[in-house]
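Reviewing the structure listed below.
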Amino acid sequence: MYILGIETSCDETGVAIYHSTKGLIQHTLYSQIAMHNEYGGIVPELASRDHIRKLIPLIEECLQLSGLNKNDIQGIAYTAGPGLVGALLVGAAASKSLAWTWGIPALGVHHMEGHLLAPMLEENKPGFPFVALLISGGHTLLVEVQGIGEYQLLGESLDDAAGEAFDKAAKLLGLAYPGGPLLSKLAEKGVADRFKFPRPMTDRPGLDFSFSGLKTFTMNTFNKTEKTEQDKADVALAFQQATAETLAIKCKRALKQTGIKRLVVAGGVSANTKIRQNLEAMTKKERAELYFPRPEFCTDNGAMIAYAGCQRLMAGQVESLEINARPRWPINELILL
Ligand code: KG4
Ligand code: ZN
């Protein structure tokens, strides 16, 4: 069965077509980053309006590129939350309207379920169970995944998400939005071990994270320097090192606690090379397997939503015609399959 996937939870309009046995057929994406860039962050109202402009043309493009037509589509999966309410409503309203006119079901998908199942789009996919580390601009979660739809939240960020911390630290260093990749690039020129940053919440048991202290530490450290280019790079490196080590320590703990020897990492921040290297070293030592989706499926995309929705539609999940968005939607409130 061909499923159309629609992602509009934040600043990317993503559309994809996934087939239950043939796999991913096609995906298209439009990023709004350039538009939000001049405001130094995402402007929710502009995001909603841009999704309205781009969504239908992207669906048409995706259908055309795949050589399919609307009669081939047997279900629509859209991101119902969490995310920006206006942006989510664009995807939900478009999906429900199309599904109604095409006479097929539409189903709301949890954005983070999409992220944690993204590695299933790859040829070399992880088996179950696995521990998933989801690190994006809005979320930092550690989840035990026993199967599709069987998720146990192990830990989450108590304040800033990992990507948010990267973006805020980058802003303090005068970098543009979104600063994560720029901070990472700057850190390449940094001198190691000049500054020693804390590894938050690693000195006590538990799997929760806290990154807001690192941001304050970044500000205080940077303010004590002369703010030269080298100072910036050294602070960026120390921040990145602290974040990467903290994430690796928590993942090691999660693997130990669950007895699972398989780690899946997804979300925009997993594009970070240093974080990848630290997790590679840790899993090698622990003799655990490590999986990353390809970079374009680490960040927001329609393919992961089409995949997750396809699994749920095949399992018989249905919803009413009502147009719903859940800007806040804890992952442990997901309906089990
Ligand atoms: O998953 P994603 O595309 O969107 C959300 O759902 O939030 O993640 C975006 C986040 C941003 O905070 C961005 O700065 C961060 O991922 N990011 C990075 C890197 N690439 C993207 N952070 C650190 N290093 C990177 N290379
Ligand atoms: Zn995301």
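The values are calculated or read from the model by the stated rules, or taken from the named source; none is laboratory data. These numbers were taken from a predicted model, which means no experiment stands behind them. Because the Cβ atoms are built from the backbone with ideal geometry, glycine has one as well, and the counts that use them run over all protein chains shown. Surface accessibility is based on the protein's heavy atoms, side chains included, excluding ligands, DNA and RNA. Shrake-Rupley method; radii C 1.70, N 1.55, O 1.52, S 1.80 Å.
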- Count the DSSP beta bridges whose two residues both fall in the stretch 127-292, then state the antiparallel fraction as a percent rounded to the nearest 5. 60 percent
- Query: Straight-line reach from LYS22: which aspartates and glutamates have Cα under 19 Å away, leaving out those fewer than 8 places along the same chain?
  - Reply: ASP72, GLU122, GLU123
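Using a 1.4 angstrom probe on heavy atoms only, work out the carbon and sulfur share of the accessible area of the stretch 175-331 in %. Provide the component values of the computation, followed by the final result.
On the way: 3930 of 7540 Å².
With neighbouring chains kept in place, the figure for the stretch 175-331 is 52 percent.
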- Note on the structure: Most fluctuating of LEU65, LEU313, LEU175 in the GNM of the chain (C-alpha, under 10 Å) is LEU65
- Amide H contacts under 5 Å for GLU289, restricted to residues at least 5 apart in sequence or on another chain and with H modeled in the peptide plane, are ARG262, LEU263
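How many times 2.2 N^0.38 Å is the alpha carbon radius of gyration of the stretch 52-107? Provide the component values of the computation, followed by the final result.
Values: Rg = 11.6 Å, N = 56, 2.2 N^0.38 = 10.2 Å.
Rg over 2.2 N^0.38 Å, computed on Cα atoms: 1.14.
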- Message: Need one number: nm distance between label points at THR21 and LYS125, each 7 Å from Cα along Cα→Cβ, rounded to one decimal.
- Response: 1.5 nm
- Square roots of five times the Cα gyration tensor eigenvalues for the stretch 220-337, Å: 35, 21, 14
- Item | trypsin sites (Lys or Arg not before Pro) restricted to the stretch 1-105 and DSSP loop, no more than 15 other C-beta within 10 Å | LYS22
- Task: With springs only between Cα atoms under 10 Å apart, run a GNM on the chain and tell me which of GLY114, GLY302, GLY67 wobbles the most.
- Result: GLY67
- Query: What ranking, highest mean first, results for peptides 78-85, 153-160 when packing means the other Cβ atoms within 10 Å averaged over each residue?
  - Reply: 78-85, 153-160
- Within the stretch 1-93, report the GluC sites (Glu not before Pro) that DSSP leaves as loop and that have at most 14 other Cβ atoms within 10 Å. GLU38
- Taking the Cα centre of the chain as the origin, how large is its charge dipole in debye, to the nearest 20, when only Lys and Arg (+1) and Asp and Glu (-1) carry charge on their Cβ atoms? 820 debye
- Message: Can you tell me the orientation of helix 302-314 relative to the chain, as the angle in degrees between its alpha-carbon axis and the longest Cα principal axis, to the nearest 10?
- Response: 50 degrees
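Tell me, what is the per residue accessible area of the chain in Å², probe radius 1.4 Å?
Numbers: 14570 Å² over 337 residues.
With all protein chains present, the chain gives 43 Å² per residue.
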- For the stretch 127-292, give the magnitude of the charge dipole about the Cα centre (Cβ charges: +1 Lys/Arg, -1 Asp/Glu; no others), in debye to the nearest 20. 420 debye
- Task: Grab the eigenvalues of the alpha-carbon gyration tensor for the chain, scale each by 5, take roots, and send me the semi-axes largest first in whole angstrom.
- Result: 35, 23, 16
- Task: Could you pull out the pairs from LYS125/LYS171; LYS185/LYS250; LYS196/LYS285 whose alpha carbons sit more than 31 Å apart here?
- Result: LYS125/LYS171
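If you take the square roots of the eigenvalues of the alpha-carbon gyration tensor of the stretch 1-64 and sort them as a ≥ b ≥ c, do you get rounded (a/c under 1.5), prolate (a/b over b/c) or oblate?
Values: a/c = 3.01, a/b = 2.55, b/c = 1.18.
It comes out prolate by the Cα gyration axes.
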- In whole Å, what is the distance between the alpha-carbon centres of the stretch 153-167 and the stretch 19-68? 25 Å
- Note on the structure: Given backbone amide H placed at 1.01 Å from N, residues whose amide H is under 5 Å from that of LEU158, ignoring those fewer than 5 places away on the same chain, are PHE209, SER210, PHE211
- Query: Once all Cα-Cα distances of the stretch 127-292 are split into 10 Å bins that start at 0, what whole-number percent is in each one?
  - Reply: 11, 42, 32, 13, 2, 0
- Task: Positive end of the charge dipole of the stretch 238-308 (Lys, Arg +1 and Asp, Glu -1 on Cβ, about the Cα centre): tell me which of LEU247, ASN301, ALA266 has its Cα farthest that way.
- Result: LEU247
- Message: Just to confirm the number: angle between the C-alpha axis of helix 162-172 and the first principal axis of the chain, 0 to 90 degrees, nearest 10?
- Response: 50 degrees
- Query: What angle, in degrees between 0 and 90 and rounded to the nearest 10, separates the Cα long axis of helix 212-223 from the longest principal axis of the Cα atoms of the chain?
  - Reply: 50 degrees
- Task: Using only the alpha carbons of the stretch 89-167, determine the length spanned along each of the three principal axes and report them from longest to shortest in whole angstroms.
- Result: 41, 32, 23
